[in-house]
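To keep things clear, I will list the structure first and then write my remarks on it.
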């Protein structure tokens, strides 16, 4: 039997995350991972060249890929990535959406409103950590996805992401400037940079802690909290609620969904 090599692709509003899972003895292990900027105007040829370049840089060949799975919160680009899959790998991809088996009941008033990335994160969080659990994703939006003890997707919370908040502030306040999101010397800023860093870092850590405090009475006081996304580790270091960071939670979730549907 030929070895399975799975390419997972998560298309977000800001970035596209990709990963290769190599399967040995039916167990998939993440071997490579990359992040690209999301460009809605890119053609399938441009995307294909980018993927070729990533594979070549790691000494891999696109001919190794046996399966592809995609999740996306940017519907217009999905057909482009589907064409890329057919061109490069000679097979249509699995696409996370209605009709895909997740093994997770969705207790949302309208299940079709839930973003694909949120379902992927929820499935991964429950499969890896069990429930009840709260998965916090620091992406374009900061989202809280809540999974019950019995593995049901109960809903969640959506807040503006850190970078969106920062950009909105800079657009409206002419004397403020962009800063690195880093730990300032003190909570009380002695410079504009320090004050901004304090507000962004400690403000979002406080947001997480306050939201978790409010969610737990509804979900379960023993609900664990995990974080993922680009700024997860930085915020987790200042949060009392976040117990662990899972930087590849979404990629692992795509692997799990592939295994449930192949």
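Tabulated data for the structure shown
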item: Members of segment 237-261 that are touching a strand residue (DSSP E or B) at 6+ places or on another chain (Cβ under 7 Å) and either assigned to a loop (DSSP other than H, G, I, E, B) or over 26 Å from residue 96 (Cβ atoms) (or both); result: 241, 242, 243, 246, 247, 248
item: Inter-residue pairs, beta-carbon under 6 Å, first without any contact (Cβ under 8 Å) to a residue 24 or more places away in the chain and in segment 36-52, second exposed (fewer than 13 other Cβ atoms within 10 Å of the Cβ) and part of a helix (DSSP H, G or I), 6+ apart; result: none
item: Strands (runs of 3 or more DSSP E) fully within segment 1-72 counting 3 or more residues that are in contact with a helix residue (DSSP H, G or I) (Cβ under 6 Å, 6 or more places away or on another chain) and under 17 Å from residue 84 (Cα atoms); result: 5-11, 67-72
item: Matching option when the condition is surrounded by fewer than 18 Cβ atoms within 10 Å (Cβ to Cβ) and outside any loop (DSSP other than H, G, I, E, B), among 150, 145, 209; result: 209
item: From the options 31, 63, residue that is surrounded by fewer than 16 Cβ atoms within 10 Å (Cβ to Cβ), without any contact (Cβ under 8 Å) to a residue 60 or more places away in the chain and touching a strand residue (DSSP E or B) at 6+ places or on another chain (Cβ under 7 Å); result: 31
item: Number of the condition not met by residue 125 [criteria: (1) part of a helix (DSSP H, G or I); (2) out of contact with any strand residue (DSSP E or B) (no Cβ under 7 Å at 6 or more places or on another chain)]; result: (2)
item: Per-region count, segment 160-196, residues in contact with a helix residue (DSSP H, G or I) (Cβ under 6 Å, 6 or more places away or on another chain) and over 22 Å from residue 232 (Cα atoms); result: 2
item: Every residue from segment 73-90 that is touching a helix residue (DSSP H, G or I) at 6+ places or on another chain (Cβ under 6 Å), under 20 Å from residue 12 (Cβ atoms) and assigned to a helix (DSSP H, G or I); result: 80, 83, 84
item: Count of residues meeting criterion [surrounded by fewer than 17 Cβ atoms within 10 Å (Cβ to Cβ) and either in contact (Cβ under 8 Å) with a residue 60 or more places away in the chain or outside any helix (DSSP H, G or I) (or both)] in segment 160-177; result: 6
item: Criterion violated by residue 209 - all others in (1) touching a strand residue (DSSP E or B) at 6+ places or on another chain (Cβ under 7 Å); (2) without any contact (Cβ under 8 Å) to a residue 60 or more places away in the chain; (3) closer than 19 Å to residue 243 by Cβ satisfied; result: (1)
item: Which numbered condition residue 202 misses (of (1) without any contact (Cβ under 8 Å) to a residue 60 or more places away in the chain; (2) buried (at least 20 other Cβ atoms within 10 Å of the Cβ); (3) in a helix (DSSP H, G or I)); result: (2)
item: Among (1) in contact with a strand residue (DSSP E or B) (Cβ under 7 Å, 6 or more places away or on another chain); (2) assigned to a helix (DSSP H, G or I); (3) surrounded by fewer than 12 Cβ atoms within 10 Å (Cβ to Cβ) - the single one residue 117 does not satisfy; result: (3)
item: Candidate set from segment 83-94 (those that are under 23 Å from the mean Cα position of the chain (by Cα) and buried (at least 19 other Cβ atoms within 10 Å of the Cβ)); member that is nearest to residue 257 (Cα to Cα); result: 94
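Table: residues versus (1) more than 17 Å from residue 253 (Cβ to Cβ); (2) within 19 Å of the chain's Cα centre (by Cα); (3) buried (at least 16 other Cβ atoms within 10 Å of the Cβ).
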position	(1), (2), (3)
78	yes, yes, yes
97	no, yes, no
106	no, yes, yes
113	yes, yes, no
123	no, yes, yes
136	no, yes, yes
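Read-outs throughout are calculated quantities, based only on the coordinates presented, and are distinct from any laboratory measurement. For clarity, every value in this text was computed on a predicted model and none was experimentally measured. All Cβ positions, glycine included, derive from the backbone under ideal geometry; neighbour counts span all protein chains shown.
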